[in-house]
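> Once you've had a glance at the structure underneath, I'll fire off some questions.
The values are calculated or read from the model by the stated rules, or taken from the named source; none is laboratory data. In this text the structure is predicted, and so the values were computed from the model without any measurement. With ideal geometry, Cβ positions are generated from the backbone for all residues, glycine too; neighbour counts draw on all protein chains shown.
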Amino acid sequence: MRIEKQGKVVKGLGGLFETRVVEEDGSVIRYACRAKGALHRGDAKVLVGDNVVLSMDTATPDDIVLSAIGERKNALIRPPMANLDILCMVVASAKPAPVLETVDKLLSIAEHHGIEPVLIFTKTDVDRENAERLAALYRGAGFTVFTVSSLLSEGIAPVRDYLLRELKNGRIAAFAGASGVGKSTLVNGIFPHLQLATAEISEKIERGRHTTRHVELFEIGEGSEAGYLADTPGFSLLDFERFDFFGLDDLLSTFRDFAPYIGGCRYSDCAHIGEGPAECAIARAAAEGKLAPSRLSSYRSIYRVLKSKNEYK
């Protein structure tokens, strides 16, 4: 007799998928199984974070197969995972120096895919003034922001409290940022029991060596109410599926701090990419200090990139 159970893929390695299932009595069991053939290819390929159906033969306990994937909220190419709810963007205040355009691009992509971005500025022990300046900039743009020093163990408790509060009922958070900003060190400080891998930073090139080789979800909490923290391969920018189809018409809505000024331009077809303060309400807000000029600069740069991609499809 075959039965079906609902679960979540928490690890995938070598063609085997470790799937967490909450049984009817509330107990948690992890099954290691392979996916049926159709779930190895293209958009149907199983990803860590997927909500799945396991089919098993009660007469043959080892006969378990991952037979179906539930609807996805979103999917990432690098790292390969699905259904991300919170993106903790780790940005060093110095060493390596932050590139705000890269930060803003990642914020825009996350917003477009329904992922709540959280900014964490690290290394306040190296440049506290810059960390506070950046924190004020992005708090002013409407984001949740933290400043921390893993070296001094400063600011870690508020990040932990936020994650414990938000990671409930299967919600997933991941950390992203350039190599060398201290992602794994920070996570180890927040949740010491996880003990994620870390690497020395090369002072010469100011970049860390990647230490994680696969995606794995770690439980935060217990039972059916548990959430997950993703340990992901080292990466500097998330690549979402079909990012090339991120339309120009969608870009403006991904800059949440621009919302109060939309519709206030002199011309209804204003693209906000070259118009001056007299014509463009967003440019005027930046000139008056109501918006960070770096945010407008990033918007215009991303707009040009997307316009070029759309033109050459």
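> Checking the structure you have, find out if any residue of segment 27-40 is without any contact (Cβ under 8 Å) to a residue 24 or more places away in the chain and hydroxyl-bearing (Ser, Thr, Tyr).
Yes: segment 27-40 contains one or more residues that are without any contact (Cβ under 8 Å) to a residue 24 or more places away in the chain and hydroxyl-bearing (Ser, Thr, Tyr).
> Give the residues of segment 129-144 that are within 25 Å of residue 78 (Cβ to Cβ) and surrounded by fewer than 20 Cβ atoms within 10 Å (Cβ to Cβ), sorted by residue number.
Of everything in segment 129-144, those that are within 25 Å of residue 78 (Cβ to Cβ) and surrounded by fewer than 20 Cβ atoms within 10 Å (Cβ to Cβ) turn out to be 143, 144.
> Next question. Check segment 269-281 and report whether any residue there is under 22 Å from residue 134 (Cα atoms) and not assigned by TED's automatic domain parsing to the domain that holds residue 111.
For segment 269-281, residues under 22 Å from residue 134 (Cα atoms) and not assigned by TED's automatic domain parsing to the domain that holds residue 111: absent.
> Picking from 212, 232, which residue would you name as being buried (at least 16 other Cβ atoms within 10 Å of the Cβ), modelled with pLDDT of 55 or more and closer than 23 Å to residue 16 by Cα?
232
> Return the residues of segment 257-286 that are among the charged types (D, E, K, R) and modelled with pLDDT of 95 or more; say none if nothing qualifies.
Result: 257, 266, 279, 284.
> So, one more: Residue 57: over 24 Å from the mean Cα position of the chain (by Cα), outside the structural domain of residue 171 (by TED's automatic domain parsing) and among the acidic types (Asp, Glu), yes or no?
Answer is yes for this residue.
> Sticking with this structure for a sec: Just to be sure before I move on: is residue 152 under 17 Å from the mean Cα position of the chain (by Cα) and more than 13 Å from residue 220 (Cβ to Cβ) in the structure I sent?
No: the conditions fail for residue 152.
> Grab the strands (runs of 3 or more DSSP E) fully contained in segment 3-107, keeping just those with 2 or more residues being surrounded by fewer than 13 Cβ atoms within 10 Å (Cβ to Cβ) and among the hydrophobic types (A, V, I, L, M, F, W, C).
28-35
> Going through segment 116-128 one residue at a time, which ones are touching a residue at least 40 places away in the same chain (Cβ under 8 Å) and either surrounded by 23 or more Cβ atoms within 10 Å (Cβ to Cβ) or not assigned by TED's automatic domain parsing to the domain that holds residue 169 (or both)?
Of everything in segment 116-128, those that are touching a residue at least 40 places away in the same chain (Cβ under 8 Å) and either surrounded by 23 or more Cβ atoms within 10 Å (Cβ to Cβ) or not assigned by TED's automatic domain parsing to the domain that holds residue 169 (or both) turn out to be 120, 122, 123.
> Working carefully through the options 82, 38, find the one that is at pLDDT 90 or above, among the small types (Gly, Ala, Ser) and out of contact with any Ser or Thr (no Cβ under 6 Å at 6 or more places or on another chain).
82
> A further question on this structure: Specify which of the listed residues (105, 11) is under 30 Å from residue 133 (Cβ atoms), basic (Lys, Arg) and modelled with pLDDT under 95.
Just one listed residue meets the conditions, 105.
> Just give me the residues in segment 134-170 being closer than 18 Å to residue 182 by Cβ, assigned to a loop (DSSP other than H, G, I, E, B) and among the small types (Gly, Ala, Ser), in sequence order.
Of everything in segment 134-170, those that are closer than 18 Å to residue 182 by Cβ, assigned to a loop (DSSP other than H, G, I, E, B) and among the small types (Gly, Ala, Ser) turn out to be 150, 153, 155.
> Restricting the search to segment 270-313, which residues are assigned to a helix (DSSP H, G or I) and among the charged types (D, E, K, R)?
Correct list: 284, 295, 300, 304, 307, 309, 311.
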